[in-house]
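Student: Just dropping this structure here.
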Amino acid sequence: KADPFQIFYYSTGMQPLHGIPVVLEVAERLQDDPVQFVLAGGKLPMKQAVHQAQKNGANIRYESWMNIEDLAETMRASQLSLGGPFGGTRQARNVVTGKTYQSLACQVATVVGSGEATEVHFVDKVNCLMVPQGDADALAEAIRWAVSNQAQLPTIAAAGRVLFEKEFSATTIGRLLRPLVDSL
C-alpha cells in the first residue's frame, strides 16, 4: 500500500481563531481517503479532542510536542500544510498565522483561511489553496483537490515561497521598518 498523502498541522492549543474543531471534523470526514493528518502541539484539551477524532476513525498521527527542527522537517516532508486560520472569528479574519509564514518559507503547499488579512497577497491555486474559514466542506474539498492534483503542488509551493520572500521575509520587513526606525 502506498504511503498516504500527508497533511501537517500544528497549534499551541484550542484557541477559537485556529479552528481546531474544523480541522478535526475534516480529518474524520476523510477517514476513508488516502490521507494522514500529522498534528502537533497543544495542551490537554487539544490532546483530548484529537484522541476523540481518532476514536471516530480519523487517520491522525499526533505528537503533543515537537521541537522546532523536527517541526520544520515534518512540515517539509508533508505534501500539504494547513496554515489557517480556520476559526472564522473576528480575530481569525484579521491575521495571517505564523504557521502560514513558516509553511510558505519551507516551500510547502499551504491551505490558508480567507479573510481581510489574506485577500491582498494570497491567490487560490497560485500561491496557496484558499478556503473560507469555519467551512469544513471547503477544507475537505481543498484537501481532496490537492490529493487529486499532486503534480500542481510543487508549483503552488514554489510560488508561496516567492510570496514569502517578497512580502514577509525578515529582509522585507526590515526594509519596510527602516524608515520608521530612522525617523525616531
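The values are calculated or read from the model by the stated rules, or taken from the named source; none is laboratory data. Computed from a prediction, not measured in an experiment: that's the story for all the values here. All Cβ positions, even for glycine, are placed from backbone atoms using ideal geometry, and neighbour counts span all protein chains on display. Only protein heavy atoms, including side chains, enter the accessible area calculation; ligands, DNA and RNA are left aside. Shrake-Rupley method; radii C 1.70, N 1.55, O 1.52, S 1.80 Å.
Student: Be a star and scan segment 86-115 for residues whose amide nitrogen sits under 17 Å from the point 7 Å along the Cα-to-Cβ vector of Ala72.
Tutor: Taking a point 7 Å out along Cα→Cβ of Ala72, the residues of segment 86-115 whose backbone N falls under 17 Å are 98-109.
Student: Something else now. About the Cα centre of segment 95-177, what is the dipole size in debye to 20, counting +1 per Lys and Arg Cβ and -1 per Asp and Glu Cβ, all else neutral?
Tutor: For this selection, approximately 340 debye.
Student: For the chain, modelled as a Gaussian network with Cα springs under 10 Å, which listed residue fluctuates most, Gly19, Gly42, Gly84?
Tutor: Gly42
Student: Report, in deg cm²/dmol and to the nearest 500, the calculated mean residue ellipticity at 222 nm for the chain, where each DSSP H run with n ≥ 4 adds -39500 (n - 2.57) and the sum is divided by the residue count.
Tutor: When only DSSP H runs of four or more count, the value is -13000 deg cm²/dmol.
Student: With a 1.4 Å probe and all protein chains in place, put Ser169, Ser114 in order of accessible area, largest first.
Tutor: Ser114, Ser169
Student: In the chain, carbon and sulfur make up what percent of the accessible area (probe 1.4 Å)?
Tutor: On the way: 4960 of 9480 Å².
It is 52 percent, rounded to a whole number.
Student: Treat every Asp and Glu Cβ in segment 58-100 as -1 and every Lys and Arg Cβ as +1, leave all other atoms uncharged, and give the resulting dipole magnitude about the Cα centre to the nearest 20 debye.
Tutor: 340
Student: Taking only protein heavy atoms and a 1.4 Å probe, what accessible area per residue, in Å², does segment 30-184 have with all protein chains in place? Mind dumping the intermediate values first?
Tutor: Working: 8110 Å² over 155 residues.
Dividing the accessible area of segment 30-184 by its residue count gives 52 Å².
Student: Please give me, ordered by residue number, the trypsin sites (Lys or Arg not before Pro) of segment 2-103 that lie in loop per DSSP and have at most 15 other Cβ atoms within 10 Å. Display every interim value, and only then the final one.
Tutor: Working: sites: Arg29, Lys43, Lys47, Lys55, Arg61, Arg76, Arg90, Arg93, Lys99; in loops: Lys43.
The qualifying sites are Lys43.
Student: Considering the zone a paramagnetic label at Glu63 would reach in this model (a point 7 Å from Cα along the Cα-to-Cβ line), which residues of segment 18-37 have amide N under 15 Å from it?
Tutor: Answer for this model: 37.
Student: Excluding same-chain residues fewer than 8 positions from Lys125, which lysines have a Cα within less than 24 Å of its Cα?
Tutor: Lys99, Lys166
Student: Which loop GluC sites (Glu not before Pro) in segment 106-163, with loop taken from DSSP, have no more than 13 other Cβ atoms within 10 angstrom of their Cβ?
Tutor: In loop regions of segment 106-163 (DSSP not H, G, I, E or B), the sparsely surrounded GluC sites (Glu not before Pro) are Glu116, Glu119.
Student: Taking the Cα centre of the chain as origin and charging only Cβ (+1 Lys, Arg; -1 Asp, Glu), how large is the dipole, in debye to the nearest 20?
Tutor: That gives a dipole near 220 debye.
Student: Hey, another quick one. How about segment 6-114: which chymotrypsin sites (Phe, Trp or Tyr not before Pro) there lie in a loop by DSSP and see at most 13 other Cβ atoms within 10 Å?
Tutor: On the way: sites: Phe8, Tyr9, Tyr10, Phe37, Tyr62, Trp65, Phe86, Tyr101; in loops: Trp65, Phe86.
Passing sites in segment 6-114 are Trp65.
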